[in-house]
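A.B. asks: Input: one structure, supplied below.
The values are calculated or read from the model by the stated rules, or taken from the named source; none is laboratory data. Given the structure is predicted, the values throughout are model-derived calculations rather than measurements. Cβ placement follows ideal geometry from the backbone for every residue including glycine, while neighbour counts extend to all protein chains displayed.
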Amino acid sequence: MTITHRLPQERRITGTFPGPKSAALTERRRKAVSAGVSSLVPVYAADADGGVVVDVDGNSFIDLGAGIAVTSVGASNPAVAAAVTEQSTHFAHTCFTITPYEGYVEVAELLAELTPGDHEKRSALFNSGAEAVENAIKVARLATGRDAVVAFDHAYHGRTNLTMALTAKAMPYKTNFGPFAPEVYRMPMSYPFRDEAGLSGVDAANRAILAIEKQLGGDQVAALIIEPIQGEGGFIVPAPGFLPTLSAWATANGVVFIADEVQTGFARTGSWFASDDEGIVPDLMTLAKGIAGGLPLAAVVGRAELMDAVHPGGLGGTYGGNPIACAAAVASIAQMREHDLAGRARHIEEIVMPRLRALADATGVIGDVRGRGAMLAIEFVRPGTAEPDADITKRVAAAALEAGVIILTCGTYGNVIRLLPSLVIDDALLLEGIGVLEDAVHASQKGNTP
């Protein structure tokens, strides 16, 4: 892979942290921005490229979050920037539901080509992952004439009313925001680290299926929605056989199987989609994040007979499939192909996973190391137990940031660090970031900072 980066790919922290310009912006923000909108780091971005984010005080951070798996091709990929500039010189908006344009059609054609299965497909474009999930549920309910929707423990599907109902974690996503949309039912997930010993993926799926059939009846369920690898819930990779067994049951019972690949999609796990890794062909897929190089774009793509069941005007929105975002998506997908970023994700796993496993062996505070491709995680526990340890997780993230590395936390118990680097990050920079993480774990294990 040969990509020329515009910014130096280096970690550089100078002066106080956060710097004076970031501190001033924080004060301005306090007076203007809702307290309900929080940020993980106390510094403000001025530039970003490749695997680094540069703040307003000139500090350069190694970015192992990529805007939560969004800037997979880099935060300012030159091909994406050129496509955005070119489209913006013609028109920024017409609303596809008023005056359509080719870019929307081209994105839909690419999605039909790239997503699993050789069946006829249709797509509808939206603005965010939550909006895509909402519309996938609408399609499933209309097409089946049923109401019930099955989601899973540890799931995260968004912050709108329906997607909060689908999401498992209360704080900060759901607390005091109810009542939520009805006819949503939660079933047990396959969580190999926390399941009883010996529970296979097939057994875990049958456990969920039995609960669905007893509590609901398969013929009452419109859709089953699941993340092939759960994101906010803790990067939980289900045991082999779990997803194929659920998919087969859904097909046999006329239930629409929806794969929420908002975070796992677009080369992140080492394939175009995590469903490919599992050998499943979803009826519908929800996509966003990495699709458009940082611009807001999302999609529902799936079987033509489902997507075309919706009456004209039933799907859409003022900004859905914005022409500039579509141009960015076409360019981003081309970059993924040109540089084989799925292969790059597999390479990232190959060089990072051994370091994470060695760290777990050396410290005794990491209960599980898991993930796939460039979607990797470590789960912190109290030594000698499986009890979640959210405190050390926070200390590690804070220590890494002060040393110049942005890492994200997640998990139902707040005890997971997730790694989502850009797929174009240099090996040397990536491994330097992992080294900082290792130092932070060792120091934080002792209650100190590096």
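A.B. asks: Can you run down the residue pairs with Cβ atoms below 7 Å, 6 or more apart or on separate chains, where the first is in the range 353-365 and assigned to a helix (DSSP H, G or I) and the partner is at pLDDT below 95?
C.D. replies: Matching pairs, first to second residue: Thr363/Gln445.
A.B. asks: For Pro383, are the conditions met, namely being farther than 30 Å from Gly15 by Cβ and in a loop (DSSP other than H, G, I, E, B)?
C.D. replies: Judged against the criteria, Pro383 is a match.
A.B. asks: For the range 292-328, what are the residues that are under 23 Å from the mean Cα position of the chain (by Cα) and of a type in the set (A, V, I, L, M, F, W, C)?
C.D. replies: The answer is Ala292, Leu295, Leu297, Ala298, Ala299, Val300, Val301, Ile324, Ala325, Cys326, Ala327, Ala328.
A.B. asks: For the range 136-150, which positions are touching a Leu at 6+ places or on another chain (Cβ under 6 Å) and surrounded by fewer than 24 Cβ atoms within 10 Å (Cβ to Cβ)?
C.D. replies: Of the residues in the range 136-150, the ones touching a Leu at 6+ places or on another chain (Cβ under 6 Å) are 136, 139, 143, 148, 150.
If the condition is that a residue be touching a Leu at 6+ places or on another chain (Cβ under 6 Å) and surrounded by fewer than 24 Cβ atoms within 10 Å (Cβ to Cβ), then Ala143, Ala148 are the ones that fit.
A.B. asks: OK, next. Under the condition of being within 23 Å of Leu429 (Cβ to Cβ) and crowded, with 20+ Cβ neighbours inside 10 Å, which residue from the range 378-403 is nearest to the chain's Cα centre (by Cα)?
C.D. replies: It comes out as Ile378.
A.B. asks: Considering each of Ala327, Ala298, Ala288, Ala304 in turn, give the residue that is in contact with an Asp or Glu (Cβ under 8 Å, 6 or more places away or on another chain), crowded, with 21+ Cβ neighbours inside 10 Å, within 24 Å of Val255 (Cα to Cα) and not assigned by TED's automatic domain parsing to the domain that holds Ile348.
C.D. replies: Answer to the selection: Ala298.
A.B. asks: Might you let me know whether the range 186-193 holds any residue that is among the aliphatic types (A, V, I, L, M) and under 22 Å from the mean Cα position of the chain (by Cα)?
C.D. replies: yes
A.B. asks: Additional query: Among the numbered criteria (1) touching a Gly at 6+ places or on another chain (Cβ under 6 Å); (2) surrounded by fewer than 20 Cβ atoms within 10 Å (Cβ to Cβ), which single criterion is violated by Ala197?
C.D. replies: (1)
A.B. asks: Is it the case that the range 392-404 has a residue that's assigned to a loop (DSSP other than H, G, I, E, B) and of a type outside the set (Phe, Trp, Tyr)?
C.D. replies: Within the range 392-404 (the criterion being assigned to a loop (DSSP other than H, G, I, E, B) and of a type outside the set (Phe, Trp, Tyr)), the answer is yes, since at least one residue qualifies.
A.B. asks: I would also like to ask the following. Can you find a residue that is in a strand (DSSP E or B) and either modelled with pLDDT of 95 or more or surrounded by fewer than 16 Cβ atoms within 10 Å (Cβ to Cβ) (or both) anywhere in the range 33-45? Outline the logic, then answer.
C.D. replies: As a first pass, look at the range 33-45 and keep what is in a strand (DSSP E or B): 45.
Imposing the further condition that a residue be either modelled with pLDDT of 95 or more or surrounded by fewer than 16 Cβ atoms within 10 Å (Cβ to Cβ) (or both) reduces the set to 45.
Within the range 33-45, one or more residues are in a strand (DSSP E or B) and either modelled with pLDDT of 95 or more or surrounded by fewer than 16 Cβ atoms within 10 Å (Cβ to Cβ) (or both).
A.B. asks: Kindly indicate the residue of the range 178-191 that is modelled with pLDDT of 95 or more and out of contact with any strand residue (DSSP E or B) (no Cβ under 8 Å at 6 or more places or on another chain) and also farthest from Phe242 (Cα to Cα) among those meeting that condition.
C.D. replies: At the first step, the residues of the range 178-191 found to be modelled with pLDDT of 95 or more are 179-191.
Imposing the further condition that a residue be out of contact with any strand residue (DSSP E or B) (no Cβ under 8 Å at 6 or more places or on another chain) reduces the set to 179-182, 190-191.
Working: Pro179: 31, Phe180: 28, Ala181: 27, Pro182: 26, Ser190: 7, Tyr191: 10 Å.
Looking at residues that are modelled with pLDDT of 95 or more and out of contact with any strand residue (DSSP E or B) (no Cβ under 8 Å at 6 or more places or on another chain), I get Pro179.
A.B. asks: Tell me the residue from Ser72, Ser60 that is buried (at least 18 other Cβ atoms within 10 Å of the Cβ), within 24 Å of Thr393 (Cα to Cα) and small (Gly, Ala, Ser), please.
C.D. replies: Ser60
A.B. asks: Moving on to the next point. Return the total of residues in the range 70-105 being within 28 Å of the chain's Cα centre (by Cα), of a type outside the set (A, V, I, L, M, F, W, C) and not in a loop (DSSP other than H, G, I, E, B).
C.D. replies: The qualifying residues number 7.
A.B. asks: Separate question: Restricting attention to the range 356-377, report how many residues are over 18 Å from Arg268 (Cβ atoms) and surrounded by 15 or more Cβ atoms within 10 Å (Cβ to Cβ). Walk me through how you get there before you give the answer.
C.D. replies: Residues of the range 356-377 that are over 18 Å from Arg268 (Cβ atoms), as a first pass: 357-368.
Still in the running and surrounded by 15 or more Cβ atoms within 10 Å (Cβ to Cβ): 359-360, 363, 365-368.
Count: 7.
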